[in-house]
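Here is the structure we will look at.
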Amino acid sequence: MPSLSKRQISLLSYFALILYGLLLLLASVLPVPEADTSVFSDNDKLVHFLLYGFLAALIFLCLQNTDDTIASGAVCLYSAAASSFYGILLECCQYFLPYRSFDILDIGANTAGALVVSCFFLLFRRVL
């Protein structure tokens, strides 16, 4: 079975990142039926933590596969910052949508997820 080239892996990483970013955008700005919100109400912050942690992981993989000259610490920092910024941006968009609500604690959960996953990559970068 032929292995993928570095360029192919990089393109797949970016495709996954763009697709996931679009899914997060849609999930953040589209109206949610009232019945569906009760499923996540108790675990809302955990869901935010996991979603933006995964986004940070995808960003990390894209940066790591694109440029070998960037230090791992910088890649982790960029990943956490980009994921956190996207979470803040989407949460601020919700402020202006009448069917969604802005929650500063969601921003905290988004940022915490991005930071924890980025720190994980930083600590275990030699294994990855």
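The values are calculated or read from the model by the stated rules, or taken from the named source; none is laboratory data. Since we're looking at a predicted model, the values are computed, not measured. No Cβ is skipped: glycine too gets one built from the backbone with ideal geometry, and neighbour counts run over all protein chains shown.
The table for this structure:
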read-out	value
Tabulated pairs, segment 66-82, first at pLDDT 75 or above and surrounded by 12 or more Cβ atoms within 10 Å (Cβ to Cβ), second β-branched (Val, Ile, Thr) and not in a helix (DSSP H, G or I), C-beta under 9 angstrom, 6+ apart or interchain	Tyr78/Ile70
Filter result (surrounded by 13 or more Cβ atoms within 10 Å (Cβ to Cβ) and more than 17 Å from Leu22 (Cβ to Cβ)) within segment 46-55	Val47, His48, Phe49, Leu50, Gly53
Selection count, segment 1-26, where residues are touching a helix residue (DSSP H, G or I) at 6+ places or on another chain (Cβ under 8 Å), aliphatic (A, V, I, L, M) and part of a helix (DSSP H, G or I)	5
